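The values are calculated or read from the model by the stated rules, or taken from the named source; none is laboratory data. The shown structure was predicted, so the numbers you read here are calculated from the model rather than taken from an experiment. Counting neighbours? That spans all protein chains shown, and the Cβs are built from the backbone with ideal geometry, glycine included.
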Amino acid sequence: MMNRLFLFCLFLCLGTYAQSLNLEQARLLALANSRSLARYELSIRSSILDEKNQLYALFPTVSAGYRASMNYLHNGEFVNPIDTLTAGVNFSITQIIFQGGKSFIQRAISSISTESIRKDALAEYFNVIDAVDNAYYAVLEAQAALEAEESSLEAANFSLIIAEIRHSNGIINTGDYLKALADKEARENSRNQVRRNLTLSIARLRSLTGFTGDAVFEQIDFSMYEQVLLRLSGISDGQADALYRELWNILLAANPSLAKAALSNQIAERNLTLARRDFSPTVSATVFSSTFNYSTAGGFSMGSSGGLTISGSIPVDFWMRNNRIEKSQIARDSAALSYIGAESSLETELQSALLNAITQAGAVLSARRSLEYTERHFEYVMERYRLSQSSVSDLSESTTLLINSRNSHTRASYGFLQSISRIRSLCAIDNEERLLEIFTGRM
């Protein structure tokens with residue numbers, strides 16, 4: 001992940017000066033604005049501190065203390081407190097020599113926990129990217145829909161102007177004129193609804209990115225996906241299976257959710273080992289111990305010592321011990337099942353995303369051809385309408401067909417991009433060029 005300070009500065013610059021916003025900038029802003037990623041960063045820092053605590057537990061324990069006392073009564077009689085003053089300072093260094101390896105196991109658990117949080121953060125990183133991609137595509141899709149509605153409204157206005165002239169001259173009947181009026185009003189209402197959808201889409205994108213300026217949203221360069229579209233739309237079953245296996249191998253190696261499930265397995269195994277060593281003896285050594293004393297009566301004195309202490313326990317409550325071990329075994333088995341479940345779920349998700357990408361690729365090319373035919377049909381009907389050879393209904397139907405065709409092409413195009421985005425997140429591929437190379441078979 002990029003440095004968050006850099007992202008925040010970029011966010012400020014874009015929010016203040018930028019007149020345009022592209023997808024890459026939207027991604028950077030969303031990452032800088034993500035509170036969930038910020039929380040994960042704090043969790044990682046906290047977990048690293050836990051690791052250090054486990055490491056420090058292996059170091060010698062250094063302790064120091066002091067004491068002082070005075071009495072004002074002795075044998076029932078008042079005395080001068082200064083005469084009874086006693087004070088002392090002690091300092092010691094103790095090193096644990098052996099405790100059944102529990103410290104090393106606990107340190108390993110802490111290290112794995114930190115790595116698990118990092119995997120959570122990586123998964124959230126791709127979730128943020130996926131969310132902002134979908135929001136950005138929704139804005140562009142709404143813009144395209146609005147352009148289509150504006151174009152249809154222009155056609156309806158033109159149709160109404162011609163219809164008014166022809167109706168006033170008695171060329172068409174009142175029914176056709178009313179049809180032109182109704183069509184114009186209906187398309188204006190539809191345009192307003194799409195404009196509202198665009199406003200909501202922009203609001204969602206701004207919520208993700210924190211971007212508050214007025215921006216022109218740059219279009220996606222679909223030419224870079226042309227080879228992918230052509231390959232996926234004509235892919236054979238064997239090629240699709242090979243592509244799925246390639247993506248699955250990448251997913252197995254890189255997917256953060258699956259990696260976290262594997263790390264949970266490791267933690268459960270070590271917790272089981274730790275439970276089995278609960279009653280190991282502990283060997284520690286007092287490397288150095290020194291005491292410095294003072295009393296009013298005896299003056300100063302000092303003593304020092306060192307030694308070895310061996311302590312342990314013999315388990316008598318075997319039922320409690322066996323119960324703890326059995327619970328740890330259950331947790332380990334549960335973690336293993338969770339890993340299998342995560343793997344199965346990801347397998348289904350990847351299959352669904354790849355099939356969706358293949359389907360959408362075919363839909364994009366089909367909708368593109370349909371749009372070309374529909375545009376030519378609309379031009380043909382419009383020309384005939386100018387020559388009074390087509391009716392208001394004919395023009396309205398061709399306009400509706402054109403809008404539907406444009407919207408179908410738009411939905412298929414951005415649906416394809418969303419499926420690509422989903423596969424990228426599942427396989428944790430941050431480099432989009434690499435993903436496109438996999439799809440085109442150039443790797």
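A215 meets all of the listed conditions (1) within 22 Å of F416 (Cα to Cα); (2) surrounded by 17 or more Cβ atoms within 10 Å (Cβ to Cβ) but one, namely (1). For L263, the requirement of being buried (at least 18 other Cβ atoms within 10 Å of the Cβ) and under 23 Å from the mean Cα position of the chain (by Cα) is met.
If I filter the range 88-130 down to residues being touching a strand residue (DSSP E or B) at 6+ places or on another chain (Cβ under 7 Å) and among the aromatic types (F, W, Y), which single residue comes out as nearest to N265 (Cα to Cα)?
Per the criteria, the residue is F98.
Reported count of residues in the range 402-443, each being in a helix (DSSP H, G or I) and farther than 21 Å from S257 by Cβ, is 21. One residue alone among I423, I340 is assigned by TED's automatic domain parsing to the domain that holds K260, in contact (Cβ under 8 Å) with a residue 24 or more places away in the chain and among the β-branched types (V, I, T), and that residue is I423. The set of residues from the range 419-443 being over 13 Å from Q227 (Cβ atoms), polar (S, T, N, Q) and either surrounded by fewer than 14 Cβ atoms within 10 Å (Cβ to Cβ) or modelled with pLDDT under 90 (or both) comprises just one member, N431. For T86, the requirement of being touching a residue at least 24 places away in the same chain (Cβ under 8 Å), over 30 Å from D176 (Cβ atoms) and more than 53 Å from the chain's Cα centre (by Cα) is met. What are the residues in the range 385-401 that are under 12 Å from I162 (Cβ atoms) and either among the β-branched types (V, I, T) or part of a helix (DSSP H, G or I) (or both), if any? Listed by number, the residues that qualify are Y385, R386, V392, L395.
Going through (1) touching a residue at least 24 places away in the same chain (Cβ under 8 Å); (2) part of a helix (DSSP H, G or I) one by one, R39 falls short only on (1).
Scanning the range 52-78 for residues that are within 42 Å of the chain's Cα centre (by Cα), surrounded by 11 or more Cβ atoms within 10 Å (Cβ to Cβ) and either in contact (Cβ under 8 Å) with a residue 40 or more places away in the chain or outside any helix (DSSP H, G or I) (or both) yields a total of 7. Just the residues that are farther than 30 Å from T286 by Cβ and touching a Phe, Trp or Tyr at 6+ places or on another chain (Cβ under 9 Å), please, taken from the range 72-94. Correct list: Y72, F78, V79, N80, P81, T84. Within the range 375-398, residues that are in contact (Cβ under 8 Å) with a residue 24 or more places away in the chain and more than 15 Å from E154 (Cα to Cα) sit with their Cβ atoms under 8 Å from residues that are among the hydrophobic types (A, V, I, L, M, F, W, C) and loosely packed, with under 15 Cβ neighbours inside 10 Å, at 6+ positions apart or across chains, in these pairs: S388/I171.
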